[in-house]
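Trainee: I'd like to ask some things about the structure below.
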2 protein chains.
Amino acid sequence: MSETTMEKIVSLCKRRGFIFPSSEIYGGLASTWDYGPLGAELKRNLKESWWKSVVHQREDMEGLDAAILMHPHTWKASGHLEGFTDALVDCKNCKKRFRADHLPGEGSKKKCPECKSVIDLDETPPRLFNLMLKTYLGPVEDESAVTYMRPETAQGIFVNFVNVLNSRHRKLPFGIAQIGKSFRNEITPGNFTFRTREFEQMEIEYFVKPEDAASWYERWVQERFQWYESLGINKEKLRLRPHGSDELAHYAKACTDIEYLFPFGWSELEGIANRGDFDLKQHAQVSGKDLTYFDQAQNRRYLPYVIEPSGGVDRAALAFLVDAYREEEVNEATRVVLGLNKELAPFKVAVLPLLKKKPEIVEIAKKICSGLQKKFVVKYDDTAAIGKLYRRQDEIGTLYCVTVDVQSLEDNKVTVRDRDTMQQERIEINLLEKYLTDKLV
Amino acid sequence: MSETTMEKIVSLCKRRGFIFPSSEIYGGLASTWDYGPLGAELKRNLKESWWKSVVHQREDMEGLDAAILMHPHTWKASGHLEGFTDALVDCKNCKKRFRADHLPGEGSKKKCPECKSVIDLDETPPRLFNLMLKTYLGPVEDESAVTYMRPETAQGIFVNFVNVLNSRHRKLPFGIAQIGKSFRNEITPGNFTFRTREFEQMEIEYFVKPEDAASWYERWVQERFQWYESLGINKEKLRLRPHGSDELAHYAKACTDIEYLFPFGWSELEGIANRGDFDLKQHAQVSGKDLTYFDQAQNRRYLPYVIEPSGGVDRAALAFLVDAYREEEVNEATRVVLGLNKELAPFKVAVLPLLKKKPEIVEIAKKICSGLQKKFVVKYDDTAAIGKLYRRQDEIGTLYCVTVDVQSLEDNKVTVRDRDTMQQERIEINLLEKYLTDKLV
């Protein structure tokens, strides 16, 4: 049976150093993944692009980097302690535990997916299990020490709303943006890095006058959609899916998902929600603190409404990887190319000595490499013959290969090969930086 | 009583948006801190400088971004499950728990720091408590589900050694570098962000031939020391402290700390250790996997030795903050300046309209700002009068203030003020980007 696209991508990710199963030498940790040298750069580039576009290049945004550990009352206020649960059912026979809504069978008569015995929901009704990962802070493991790994970065923003407002002398509308890890004890993680228990989020909470919320919501839906487009994703595989009123969370006034057509189907990359004043109201109530905003122009005090564009870094990385993957027939062989956008490609340039045993060639190649490294992410590679090196660089998405050969010693020129067109040009070494700058910046 | 330097810095950090107590509206979470808009940028700049210098601008390094959650066997192999403990003692009277080595008193007769009653160590001997934060993965909270939040990023590197080696076709010597969060259930955290339960590390594991370990150890000690110097820290307050043989960890063959003279004394920023082959040997043994390296040139197979430069991002950020803080008397008032190096300063330039009610001035200022934002982190600020704005920008370390005034409308020039000298220059608007590029890049 031929490999599926997902299998090919998972295999490339491991073989080329994008993504490894976490703790693989110990058999892995279910649905946990480590980003290798290439994956770490891809994620860095994604996060940098996001941060630049939403924080550095806007006048209405502040950055934040809040801790993963938060005061437990946070989760009382946010509703996670009570409501962030899955209904689980135990199989009396094999003692395994399953999500009630994932059991096959009709009515209250279900079938255990593991041992196939009957599970009668009237006898063993589903029980609610919280999806937050719990830990104990301090020396004593008792109830008073229970703390949670945050299940979303958003609450770190809400509890800091007044601190940011005051320290940065802000007026509405303005937003707070944050990138960071979150944790959810998913019962059924899967689809490679798409759904994992540890994941990275990029979230914005954008605070507005209540009467402006609807129009800001529309703006953010458009802006976020355009961000994915601007990084070169195939528009045919990107869509907006507004939530029906029946699927809206109780606190949300409106929500739209940005979805990508993965090999496993249309799936959410990011959600943009109009959360009203739910979060600030809850935190004000539980903390007893005044979280209102005084609007000088209108001479009134109110809780701002919040528009929340909330994206997954790992999901975006996976979407761009899947989207960039292509196979071409070249000279009766298959060429695998990762056609990543120039902003996202882990390495921009590879410098390759055609003959690694010729010291004059190696010397020039290394000098070119270290010169270019001041400006771009550039790698020197002499670990195989040139044809193989080209294929490897194609597979990891490197935009240009610069090859130093015997002729370079005479004409001070190098061959620059374009990843996508495979066309080669001879470029003077002292014009190389300018040539690449024109292409890459 | 006058404020101490640390009190002043903690106060500035909150007032200006560098660092807030975590979950402050709920009374905070002991020794946990959130980085505000300015702190988030400072940390970003620090991490970026580190990553560029150790990953992008070297040929012998790979990056990695491993998960916080790891297979529990990792901690068996690393020794953390058995050995990463503090000896704690319960006070029978007040039921509080303390570190045995922190109790006042002589011999086995100690005094409870809380209720002052006698603690007899013969009666209530100290017990060992593990410092790893524990959690449960999956639906059942039992022993088989126990997982730990990593107490160091290093082990994520060791378990991926072979994956990185193979996917990147590496030969010794080469290193793997990683930045990420770690967690330790410290019984006595403190000194602001210096010792916290959640912290960020920047760690390198550099793999070498055993016979080259001593010389690479010396090189890394020097290189890492120079990195702190290169970012402008006061050399008088930076020192190397080699560990005596009595304080070496059992696996370390040598270790040197890079220490900074904080207001609370000389304290460790980074440790550089020669760990021998301890870690790979342990992981090979516990996993049953072959983690040896085949040296083609020598035609032999061996476990590499490892040099580990391990630094704290939060500690470095605090050191640079403390080091940059200065007070000057200017016109009989105190000017507070954060003299951060140009690479670390959160904002490079502030653009200030002298009269915010004059639309022509605002228009020019905003245009200048958005133009410069393509290249630098630049903020527009009109939230106070010019004198106050200058002082605020000084306090957050902004390198240049660009002021647009009425005269700008006529001569197309702006006033550029230098943070450190306070000198002002009139610069033509269309030469401004070049002027700032010369200063900043």
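The values are calculated or read from the model by the stated rules, or taken from the named source; none is laboratory data. Computed from a predicted model, the values in this text were never measured in an experiment. Cβ: placed from backbone, ideal geometry, glycine included. Neighbour counts: every protein chain shown. Surface accessibility is based on the protein's heavy atoms, side chains included, excluding ligands, DNA and RNA. Shrake-Rupley method; radii C 1.70, N 1.55, O 1.52, S 1.80 Å.
Trainee: For chain B, find the longest principal axis of its Cα atoms and tell me its angle to the long axis of helix B:37-51, 0 to 90°, nearest 10.
Mentor: 60
Trainee: Plugging the Kirkwood radius over Cα pairs into Stokes-Einstein for the range B:236-374, at a temperature of 4 °C and a viscosity of 1.567 mPa s, what D comes out in µm²/s?
Mentor: Working: Rh = 20.5 Å.
Once the numbers are plugged in, D ends up at 63 µm²/s.
Trainee: Oh, and also: Could you list, in their original order, any pairs among A:348/A:379; A:374/A:434; A:96/B:289; B:235/B:439; A:171/B:366 whose Cα atoms are separated by more than 19 Å?
Mentor: Violating the 19 Å limit, Cα to Cα: A:96/B:289; B:235/B:439.
Trainee: Sorted from largest to smallest, which semi-axis lengths in Å does the alpha carbon gyration tensor of the protein assembly as shown give for its equivalent ellipsoid, taking the root of 5 times each eigenvalue?
Mentor: After diagonalising the Cα gyration tensor, the semi-axes are 39, 38, 33 Å.
Trainee: How do B:300, B:315 rank by accessible surface area computed with a 1.4 Å probe, from largest to smallest?
Mentor: My answer, sorted largest first, is B:300, B:315.
Trainee: Output the 0 to 90 degree angle, nearest 10, between the alpha-carbon long axis of helix B:213-230 and the longest principal axis computed from the alpha carbons of chain B.
Mentor: It is inclined by approximately 30 degrees.
Trainee: Which GluC sites (Glu not before Pro) in the range B:233-307 pass both tests, a DSSP loop state and at most 15 other beta-carbon atoms within 10 Å?
Mentor: The qualifying sites are B:247.
Trainee: Points 7 angstrom from Cα along the Cβ direction at residue B:331 and residue B:226: gap in nanometres?
Mentor: So the label points at residue B:331 and residue B:226 sit 4.4 nm apart.
Trainee: Between residue A:296 and residue B:366, what FRET efficiency follows from the Cβ-Cβ distance if R0 is 25 Å, with the result rounded to 0.05?
Mentor: The value I calculate is 0.75.
Trainee: Roughly speaking, what is the stretch gain from residue B:383 to residue B:141, that is 0.36 nm per residue apart minus the C-alpha to C-alpha distance, in nm to one decimal?
Mentor: 81.9 nm
Trainee: Return an integer: the convex hull volume of the alpha-carbon atoms of the range A:347-440, in Å³ per residue.
Mentor: On the way: hull volume 7.8 nm³, N = 94.
It comes to 83 Å³ per residue, whole-number rounded.
Trainee: Using a 1.4 angstrom probe on heavy atoms only, work out the carbon and sulfur share of the accessible area of the range B:85-130 in %.
Mentor: 51
Trainee: Continuing with this model, one more query. What nm distances, shortest first, do you get from the label point of residue A:58 to those in the other copies when the point sits 7 angstrom along Cα to Cβ?
Mentor: Residue A:58 label point versus its equivalents elsewhere: 3.7 nm.
Trainee: Further question: Can you give the mean number of other chain Cβ atoms that lie within 10 Å of the Cβ atoms in peptide A:9-21?
Mentor: 3
Trainee: Probe of 1.4 angstrom, ligands and nucleic acids ignored: what's the accessible area per residue over chain B, in square angstrom?
Mentor: Numbers: 18450 Å² over 441 residues.
Per residue, chain B has 42 Å² of solvent-accessible surface.
Trainee: Need the full-extension length gain, residue A:249 to residue A:281, defined as separation in residues times 0.36 nm minus the C-alpha distance. One decimal, nm.
Mentor: Taking residue A:249 through residue A:281 to full extension adds about 9.9 nm, to one decimal.
Trainee: Another question about this same structure. Taking a label point 7 Å out from Cα toward Cβ, give me the nm distances from residue A:356 to the same spot in the other copies, shortest first, one decimal.
Mentor: 6.0
Trainee: What residue of chain B has the nearest C-beta to the axis that moves B onto A, and what is that distance in Å, given as a whole number?
Mentor: B:135, 2
Trainee: Semi-axes of the equivalent ellipsoid of chain B: what are they in whole Å, largest first, if each equals the square root of 5 times a C-alpha gyration tensor eigenvalue?
Mentor: Equivalent-ellipsoid dimensions as semi-axes: 45, 31, 20 Å.
Trainee: What does the extension gain come out to for residue B:82 and residue B:106, with contour length at 0.36 nm per residue minus their alpha carbon separation?
Mentor: 5.8 nm
Trainee: Using a 1.4 angstrom probe on the protein heavy atoms only, line up B:235, A:134 by accessible area, largest first.
Mentor: The ranking, largest first, comes out as B:235, A:134.
Trainee: Compute the helix-to-body angle for A:386-396: its Cα long axis versus the longest principal axis of chain A, expressed 0 to 90° and rounded to tens.
Mentor: Rounded to the nearest ten degrees, it is 20.
Trainee: Add -39500 (n - 2.57) for each DSSP H run of 4 or more in chain B, then divide by its residues: what number comes out at 222 nm, to the nearest 500 deg cm²/dmol?
Mentor: -8500 deg cm²/dmol
Trainee: Once you average over the residues of A:308-317, how many Cβ atoms of partner chains fall within 10 Å of each Cβ?
Mentor: Per residue, the average neighbour count from other chains is 0.
Trainee: Each residue of the range A:109-117 in turn: what ³J(HN,Hα) in whole Hz from Karplus with 6.51, -1.76, 1.60 and θ = phi - 60°, glycine and Pro shown as x?
Mentor: 3J(HN,Hα) across the range A:109-117, in whole Hz: 9, 10, 10, 5, x, 8, 9, 6, 6.
Trainee: Something else about it: Report, largest value first, the span of the C-alpha coordinates of the range B:85-130 along each principal axis, in whole Å.
Mentor: Principal-axis extents of the range B:85-130 (Cα, largest first): 26, 21, 17 Å.
Trainee: If I take the Cα coordinates of the range B:176-218 and project them onto the principal axes, what are the three extents in Å, biggest first?
Mentor: 40, 17, 15
Trainee: Mind giving me the FRET efficiency for residue A:422 and residue A:374? R0 is 30 Å, r the Cβ-Cβ distance, nearest 0.05 is fine.
Mentor: 0.60
Trainee: So how exposed is residue A:229, as accessible area in Å² (1.4 Å probe, rounded to 10)?
Mentor: Residue A:229 has an accessible surface of roughly 60 Å² with all protein chains in place.
Trainee: Now, a different point. What does the buried accessible surface come to for B and A, summed over both chains, with the probe at 1.4 Å? Round to 100 Å².
Mentor: Using a 1.4 Å probe on protein heavy atoms, the buried area is about 7500 Å².
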